[in-house]
Every structure is written in structure tokens, then in C-alpha cells.
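What follows draws every value from the coordinates through simple rules; no lab data is involved. Because the structure is a prediction, the values reported are computed rather than measured. Neighbour counts are summed over all protein chains in view; Cβ atoms, including those assigned to glycine, are modelled from backbone coordinates with ideal geometry.
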Amino acid sequence: MNKERENMNKIFTHRAKWILPIVQPPIENGAVAVAEGKILRAGTYDDLKEKGIKGELIDHGEGVLMPALVNAHAHLEIPPFTNLPAEDFVTWLKAVIEKKQTLTTEQVQQAEKNAHQMLKQAGTGLVGNIKNFPLINPNKQINEVTFYEFLGLKKEIANKRWSIFGKFLHETNHQSPIYPAAHAPYSVHPEFLPKIKEVALSRKQIFSIHVAESEAENEFLLEGKGALRALLEEKGLLPDNFRPPQKRPVPYLAELGLLTPQTLCVHCVEINAEDIRILQRYGVKICLCPRSNYYLNLNHAPWPLLKQSGLLLCLGTDSLASNQDLNLFKEMVFLYEKNAFSASELLEMATWRGSMALGQGHRFGTMFPGAWAELIFLPLVGNIGLKELAEAVIYTGARGRLKWIK
Ligand SMILES: [Zn+2]
């Protein structure tokens, strides 16, 4: 038996001062048993011994063992676009559109490869990756839910792109399935939005869409005016005789039948209490990208209202065109320092809630028996007690002090 195969069949018991199973309270003097890349059991070290779980013991000492993070929204094919004007959303969007047109296949592939490396270093085990280029990245270092995103507000353009979209989604030579996504309510023709959602429903997949990211989006959908209209006109992307739906983004998507529990709405910055009631009615999942919103001088999402709503919230970094890095620990620190959520809530949002939002159930971001053993260890300095534990974890992770357990 070769060494690798032997290791696959072996049981490893990882012990640490703290175990953070996420869906259960932290466990002091804990251990997690792993075999064949999956979690067998997590508990106190004594509990595992009592249950007769043997195997090679690896004691990691003072620190925390936890599931790797889940970044539910990123665009890995976008390289670090530095020096783009970021003070205004529409000016930035114009610059991104222009810059993306200059990207070569090699640059896109290199960007994805580099992004996977960055995510791995930041302790991420699963990413929701939005793609516009129909290219498969063969160099994945972490698990990925790959979305292929549709864009086209003009019917002629949308019609032309539809066959390319379908072809890439349905190609059978992909290692893992490709999920359908729509860019945003303002950038996809109203006849095509339900068609994309239909594809997701028929394949029992999550459907992702950017929703209510900016005030400009609301203005455009309600009145058909403003900077977004001017940009679409300038680029030749506005339909002739365009008539706005005269609705805010959330009721507009609800009317088109796009909101279901398998819909992942990204951003949700410009939403009000009535929008939240609609989102609750349909049980959609929400991904917040707070540092991207901040980078683009946008408002904060209504965190207290979202928190009260009971909707499933998760976190994403968005792309390197609107963020310095792809580090989800830094997203947590950002929201923690704004008193938006507690450190424990943020750790849930950055792990199993992200896995749920991407349709992966408890396979990622938990220590349930059978979950993938995608585990990281963070060393903790000083005598950290239960009360300070979650806070210590997010700051230690943000400083990059972590290692992978394999
Ligand atoms: Zn995005």
C-alpha cells in the first residue's frame, strides 16, 4: 500500500486547547477525529477516548481548531485592479467594464490561480466563484462552487449570449457542475432573468445575483434615470425605448419569480424594511460584502434589520477590483469593529452559513460527522477564555496566523 493510500485509511486525532465546531459551543481540551478526509467525531479529548476512537494523535497545543472558512461571493478571474477610480460606484463600474475587455485568456487563468492561493492562505476552504469567461481553472487549491454569470440588458445581445451561456453550463467535461448566475436586475433583460433562474431550478442549483448594491441601481430601476442609464447608453447597452420596471430591485425580482430559498442575493445594501419582508417571505439567502461596499463609497447594508430578520446571512469578499484582498477574516473584523454582529455570529456567517447559502449543506464549515475535514488551526497567545475566544479567533485569523490541518 502506498503512503498516500495508507494515510487515507488511517484515523488521525487532532487535539487542541479549543475546538470550534461552529454549530455547537466551543469545546475546551477538545479533539477531532478524521479519517478518509472526513470528520468522524468532534468532542472533548476524554469523550473521544471513551468512545474508543484511536488513531494517530496530533496535539496542536494552545490555540483553536476550526473548520476552514466559506467565502460565498468572489470573482476570481479579476486580477488585482489597482488605481481604478473607486469614489463613485458607476465611475468604478465603467472602469471595470473597460479594464475587463483588455484581459487575455492567460491573464484570466493566472488571476484565478493566484486567487486560489490567496484564499488558501487566508484559511478559506470553499469559495463561490462568479465567472464571465467560459474557462475552467485546472489549478484549484480549494473547493469551489463555480457560477457562470449572464449579462445583457439589450434583447439582441441577450439572445446572442444565451446559446453560449447554455453551452458552457451544459458541457459535460467539467469536473464539477457549473451554476447559473445573473449579474444584476439592471444588467439583464427581464425576459432572461426568469430563464436563468429556471435553469437553476431544473438543475436543483443555487442561483446568484447582485441585488441593490447602489443607490444608482434603485434610481435606474425606479425612474430609468441617473448615472447608470448614462453609462449603459454610452456603452450601447441600453435597449431602444427602454422603460424601467418602476420598482425597487427586491419587489422587481419577486415579481419575476426569481426569489426562492435557493436564491443568493449578494450585497442587499439599498434595501428597506418592506424589501426585507419580501426577502423573508421567500426565504432567500443573503451574502454581505462589507469591505467591497466600503471600498466603493457605498452605504452599509442595514445590518440591524437583517440581523433581526432571521434570514440566512453569509459573507463574501467580492473581487480584487473592489477589495484589497480575499481575506474573509478581515471582513469579520470590519463588521465586528462596526458593532454590526458579535464575533460568534460572524464566525457562523463565514463558515456553515456560507456553505448552506452555496447549497452545500453541512459539508463545509462544520464539524458534523461526515463533513469534509477542511480544518485550520490558529495559535492563541495568552490565557484566552471562552468569553474572548471568538474575538481572539477573528483577529488572529486576520493577522494571517493560521495553518492548515491535513
Ligand atoms: Zn460581485
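A few comments on the model shown:
- The Cβ shell under 9 Å around VAL32 holds other residues with a net charge of +2, Lys and Arg each +1, Asp and Glu each -1.
- Helix 273-282 vs. the chain, principal-axis angle (Cα, 0 to 90°, nearest 10): 70 degrees
- Taking each residue as 0.36 nm, the span from LYS338 to GLU87 lengthens on full extension beyond its C-alpha to C-alpha distance by 88.3 nm.
- Scalar couplings 3J(HN,Hα) for segment 175-192, obtained by applying the Karplus form with A = 6.51, B = -1.76, C = 1.60 to θ = phi - 60°, are 5, 9, x, 9, 9, x, 9, 10, 5, 6, x, 8, 10, 10, 4, x, 7, 8 Hz; x denotes Gly and Pro.
- Whole-Å distance, taken between Cα centres, linking segment 325-370 and segment 10-63: 21 Å
- Cross-link partners of LYS49 among lysines, defined as those whose alpha carbon lies under 29 angstrom from its own and excluding same-chain residues fewer than eight positions apart: LYS3, LYS10, LYS17, LYS38, LYS387, LYS403, LYS406.
- Spin-label model, LEU305 to ARG277: label points 7 Å out along the Cα-to-beta-carbon direction sit 1.2 nm apart.
- Ranked by how many other Cβ atoms sit within 10 Å of their own Cβ, fewest first, the residues HIS174, HIS183, HIS210, HIS73 fall in the order HIS174, HIS183, HIS210, HIS73.
- Relative contact order, whole percent, for the chain stands at 20, derived from Cα pairs under 8 Å and 6 or more residues apart.
- Build a GNM of the chain with springs between Cα atoms under 10 Å apart, and of GLU213, GLU234, GLU28 the one that fluctuates most is GLU234.
- Two-site label geometry, GLN24 and LYS387: point separation in nm, points 7 Å out along Cα→Cβ: 2.5 nm
- Residue among THR396, THR351, THR263 with the largest mean-square fluctuation in a Gaussian network model of the chain, springs linking Cα atoms under 10 Å: THR396
- With a Förster radius of 41 Å applied to the beta-carbon distance between LEU256 and LYS403, the computed FRET efficiency rounds to 0.35.
- Derived scalar couplings ³J(HN,Hα) [segment 121-129; Karplus, 6.51 cos²θ - 1.76 cosθ + 1.60; whole Hz; x for Gly, Pro]: 4, 8, x, 9, x, 8, 10, x, 10
- Couplings 3J(HN,Hα) for segment 214-231, derived from phi with the Karplus relation 6.51 cos²θ - 1.76 cosθ + 1.60 (θ = phi - 60°), are 9, 5, 4, 5, 5, 4, 5, 6, 6, 10, x, 10, x, 5, 5, 4, 4, 5 Hz, where x marks Gly and Pro.
- Exposure proxy ranking, count of Cβ atoms within 10 Å, fewest first, for LEU296, LEU238, LEU315: LEU238, LEU296, LEU315
- Pair HIS170, GLN324: separation of 7 Å Cα→Cβ label points (nm): 4.6 nm
- Distant-in-sequence amide H partners of TYR179 (H built 1.01 Å from N, under 5 Å): THR146, PHE147, TYR148
- Extension gain (nm, one decimal) between GLN117 and ASN297, 0.36 nm per residue minus Cα-Cα: 62.0 nm
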